[in-house]
Amino acid sequence: MAILRSFIDDLLARTDIVDLIDARVPLKKAGKNYSACCPFHNEKTPSFSVSPDKQFYHCFGCGAHGNAIGFLMEFDRLEFPEAIEELARDHGLEVQYEERSGGQRKQQPKQVANDQYELMNLISKQYRQNLKQHAQGPSAVEYLKKRGLTGETAQKFGIGYAGAEWDNVLQTFGTSEQQQRTLVELGMLIENDNGRRYDRFRDRIMFPIRDRRGRVIGFGGRVLDQGEPKYLNSPETPLFHKGQELYGLYEIKQAHRNIDRVLIVEGYMDVVALAQHGVDYAVASLGTATTPEHLQLLFRQTRHVTCCYDGDKAGRGAAWRALENALPLLRDGWTLDFVFLPDGEDPDTLVQAQGKEAFEQLLAEATPLSKVLFDHLLAEHNAASDAGKSALVAAAKPLLEQLPPGVYFDMMQDQLAQLVGMTQEQLGRHIQQQRQQGNQGQQQKMTMTPVRKAIALLLQQPQLASSVEPQPELAQLDIAGVDLFVDLLVTARNSKAAHAGQLLEHYRQHPAFNALAKLAAISREGVSDENTELEFLDTYSYLIDKYLEQRMEQLLLKEKQGQLTRDERHEYMTLLQALKPKTVSQD
C-alpha cells in the first residue's frame, strides 16, 4: 500500500516545518533559523535548530534530525503512514496511493489492503463465535478458565478458538479461487505441493494480533493439550511482519493515554494473564528476538522499557541482543532495564501465584542496562589484571560509542573508568578520540571531501541541480559516494524538490539516509545563494575533471597494451570536450 511519491512531495511543499514544530515546541528566532531546547533529550542550553530554508531540524546535542514527517514520527510517536495522514488532515487532503494494474481494472492497494483487513477481522470474529457455537467450544472455554482467564479478559483480547477441522476457514471464507488465494497469501490457508489447500490453525486457542490501529493482521494459536508446536504463529504476509509488530501494544494504547512503562515478555498468555491482574502494560514479541524496530516502536510510546526474560543462559542471551539493539537508540531520559525470572517461572505463573504487588516489586528492582552490560563484559575479561583492564576497555569502547552523546554516555563512561581504575580523563583518551573525530570534527571532515561537499550543497539547495546537465558516466568515477551524488542530482532534477526536507524524503529507506541528513545539517550561515551556486559548479567541474583523468588513464593503458579500438581512440581525442559540464542558460 505505497503512498504516491508525488503526493508526499506536494505535502512537504505545503508544510512549514517551523509552524509544525512551534505548535509543539515553542521556538525562538536565532539568526536565519529558529532554536529551542531539544525535545528529544534533556538539556539546559538550546541546541535544537530548525531551518525554514531547508525545512529541516537538527539537534547538535543528540543528533536528532529530519523533516516535517520525521518530526511527527519522533515527537508524536507515529508510524510513517500515520505521519502522512496527520499532515494530510492538517491540509484538508486525502492520502493518495499508487495504483496497481492487473486484470481488466485497476484497484488501489489501499482498497486491496482494506479488503484483507476486513477478511482477517471476519475470521477473528468467527474464532470468537466458535467459543460459544463450535462443538469443541466448551472444551476451549474450560481450558481458558483453567488458565485463570475471565470472560472479560478473553473478550478484551479477542481470544477465540479454531476448530479441529481441516477446512473450517476454507469452507467459510474461501468460496472462490480468488478468495482462497487471498487466504493463502494472508497465511490462513496452507497449500501443499499437490495444490491442496487446508486451514493453517486447527484445534487451537486463537490470539488475534492487532496493529496499532486495532486491525487484525495475524494470529497466534496455542494447542489445548499436548502437541507441537505449542504455539503456531502466522507467517510473514503483506499485513504481518513479526519483526515490526508487538502483541498487546494496541490494548495498552486503549488502556492508557500516557504510557509510563512498557514491559516486554515472551508469550501471549504472559501478556493476557498480566493484564487480568492489573499489569496492563505488557507486550510480547512474536516468535522472534526483540528487534531494533520493536524498540524504536516502544520508545515512541514511552520513555521506560523493561525486558522480562528467564534467568537461564537463553534468557541472558536474549537480554544481551536486546541491549545491543537498544544502544544506538537511547537518549537522555530514556530507560531500558531488565528483569530475570527465577528458574521455572514465567510472568503468567508468577503473577497468578503472587499477585500484582509482588510482581511489580520485581519490576521496581529491575537491573539497569549499565549493570547488564558491564556484568557481561566482566564475565569475559578479568579487570583485576592490567591485560584484562585493557581488554575490557577495548570490548566496551565500540558499545559505548554507539550511544548518542549526552548524560547517559558520560555516566556509562564514568562507570567503565571506575571498573578499570582510571580517571575520566584517562579513559576519555581511549574512548573519545574516535567520537571526537566522528562528531566534533564531523562538519569539517565532511566539507573536506569534494563528493561530500557537492552532496551537502545540493541537499541544502536542491535547485542547484538545474544549473548543470547530469553526466551518468560520472557514476563510474572511482571515488566513494560519487554514485550517490549522481543519483541525488537526478532525483533533485526529476522531483523539482524545493528544499532539503523534500529531497531527503526520497532517501528515507536508503542506507545512507543518516549520513545525508548530517550533510544537510551543515551550517552555511551568511553564505549567499550566488556563492553557493559558484561553489557547487566548481566542485562539480572538479569531479568531472577527475573522471576525465581516470577515463583517459584507462584508455592510455589499453593503448600501451595494443587493445585500443578505433572508437576508443576517437573517444580519447574528444573526451575532454564531450564530457565537460554544461551550465544551463539562465536567459
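The values are calculated or read from the model by the stated rules, or taken from the named source; none is laboratory data. Since we're looking at a predicted model, the values are computed, not measured. Glycine gets a Cβ as well: all are built from the backbone with ideal geometry, and neighbour counts include every protein chain shown.
Considering only region 323-337, I want to know if a residue exists there that is assigned to a loop (DSSP other than H, G, I, E, B), among the basic types (Lys, Arg) and either over 24 Å from Ala255 (Cβ atoms) or in contact with a His (Cβ under 7 Å, 6 or more places away or on another chain) (or both). Yes, there is a match, as at least one residue in region 323-337 is assigned to a loop (DSSP other than H, G, I, E, B), among the basic types (Lys, Arg) and either over 24 Å from Ala255 (Cβ atoms) or in contact with a His (Cβ under 7 Å, 6 or more places away or on another chain) (or both).
Among the residues of region 26-61, the one identified as hydroxyl-bearing (Ser, Thr, Tyr) and in contact with a Cys (Cβ under 7 Å, 6 or more places away or on another chain) is Ser47. Could you say whether any residue in region 479-497 is part of a helix (DSSP H, G or I) and under 21 Å from Lys32 (Cα atoms)? No, region 479-497 contains no residue that is part of a helix (DSSP H, G or I) and under 21 Å from Lys32 (Cα atoms). The listed residues are Gln171, Gln178, Gln155, and the only one of them that is surrounded by fewer than 14 Cβ atoms within 10 Å (Cβ to Cβ), more than 36 Å from the chain's Cα centre (by Cα) and either in a helix (DSSP H, G or I) or basic (Lys, Arg) (or both) turns out to be Gln171. The residues on offer are Gly214, Gly221, Gly227, and the sole one that is closer than 22 Å to Gln254 by Cβ and either part of a loop (DSSP other than H, G, I, E, B) or in contact with a Phe, Trp or Tyr (Cβ under 7 Å, 6 or more places away or on another chain) (or both) is Gly214.
Among the residues in region 533-553, are any among the hydrophobic types (A, V, I, L, M, F, W, C), modelled with pLDDT of 75 or more, farther than 19 Å from Leu458 by Cα and part of a helix (DSSP H, G or I)? Yes: region 533-553 contains one or more residues that are among the hydrophobic types (A, V, I, L, M, F, W, C), modelled with pLDDT of 75 or more, farther than 19 Å from Leu458 by Cα and part of a helix (DSSP H, G or I). Residues that are surrounded by fewer than 19 Cβ atoms within 10 Å (Cβ to Cβ), under 30 Å from Val265 (Cβ atoms), touching a Gly at 6+ places or on another chain (Cβ under 8 Å) and of a type in the set (Ser, Thr, Tyr): does region 209-231 have at least one? Checked region 209-231: at least one residue is surrounded by fewer than 19 Cβ atoms within 10 Å (Cβ to Cβ), under 30 Å from Val265 (Cβ atoms), touching a Gly at 6+ places or on another chain (Cβ under 8 Å) and of a type in the set (Ser, Thr, Tyr). Among residues that are surrounded by fewer than 14 Cβ atoms within 10 Å (Cβ to Cβ) and in a helix (DSSP H, G or I), Ala353 is included. Restrict the check to region 193-207 and report whether at least one residue is under 30 Å from Leu78 (Cβ atoms) and either modelled with pLDDT of 95 or more or not assigned by TED's automatic domain parsing to the domain that holds Arg300 (or both). Yes, because at least one residue in region 193-207 is under 30 Å from Leu78 (Cβ atoms) and either modelled with pLDDT of 95 or more or not assigned by TED's automatic domain parsing to the domain that holds Arg300 (or both). Going residue by residue through region 191-208, is there one that turns out to be assigned to a helix (DSSP H, G or I) and over 35 Å from the mean Cα position of the chain (by Cα)? For region 191-208, residues assigned to a helix (DSSP H, G or I) and over 35 Å from the mean Cα position of the chain (by Cα): absent.
Taken as a whole, region 308-319 holds no residue that is surrounded by fewer than 18 Cβ atoms within 10 Å (Cβ to Cβ), touching a helix residue (DSSP H, G or I) at 6+ places or on another chain (Cβ under 7 Å), outside any helix (DSSP H, G or I) and not assigned by TED's automatic domain parsing to the domain that holds Gly70. Which of the residues that make up region 281-305 are farther than 15 Å from Gly243 by Cα and polar (S, T, N, Q)? Scanning region 281-305 gives Gln301, Thr302.
Listed here are the residues, each with its yes/no results for (1) outside any loop (DSSP other than H, G, I, E, B); (2) touching a helix residue (DSSP H, G or I) at 6+ places or on another chain (Cβ under 7 Å).
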site: Phe7; (1), (2): yes, no
site: Ala13; (1), (2): yes, yes
site: Val18; (1), (2): yes, no
site: Ile21; (1), (2): yes, yes
site: Arg24; (1), (2): no, yes
site: Pro46; (1), (2): no, no
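Determine, yes or no, whether Gly163 is small (Gly, Ala, Ser) and out of contact with any His (no Cβ under 9 Å at 6 or more places or on another chain). Taking the combined requirement at face value, the residue does not satisfy it.
Scanning region 321-348 for residues that are under 18 Å from the mean Cα position of the chain (by Cα) and among the acidic types (Asp, Glu) returns a single hit, Glu324. Residues that are surrounded by 13 or more Cβ atoms within 10 Å (Cβ to Cβ) and either under 22 Å from Gly174 (Cβ atoms) or touching a helix residue (DSSP H, G or I) at 6+ places or on another chain (Cβ under 7 Å) (or both) within region 130-148 comprise Asn130, Leu131, His134, Gln136, Gly137, Ala140, Val141, Leu144, Arg147, Gly148, listed in sequence order.
For (1) in contact with an Asp or Glu (Cβ under 7 Å, 6 or more places away or on another chain); (2) of a type in the set (Ser, Thr, Tyr), each residue gets a yes or a no:
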{"residue": "Arg196", "(1), (2)": "no, no"}
{"residue": "Arg210", "(1), (2)": "no, no"}
{"residue": "Val216", "(1), (2)": "no, no"}
{"residue": "Gly220", "(1), (2)": "no, no"}
{"residue": "Asn233", "(1), (2)": "no, no"}
{"residue": "Thr237", "(1), (2)": "yes, yes"}
{"residue": "Glu245", "(1), (2)": "yes, no"}
{"residue": "Leu263", "(1), (2)": "no, no"}
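Of the listed requirements (1) modelled with pLDDT under 95; (2) under 20 Å from Lys132 (Cα atoms); (3) surrounded by 15 or more Cβ atoms within 10 Å (Cβ to Cβ), Leu239 misses just one: (2).
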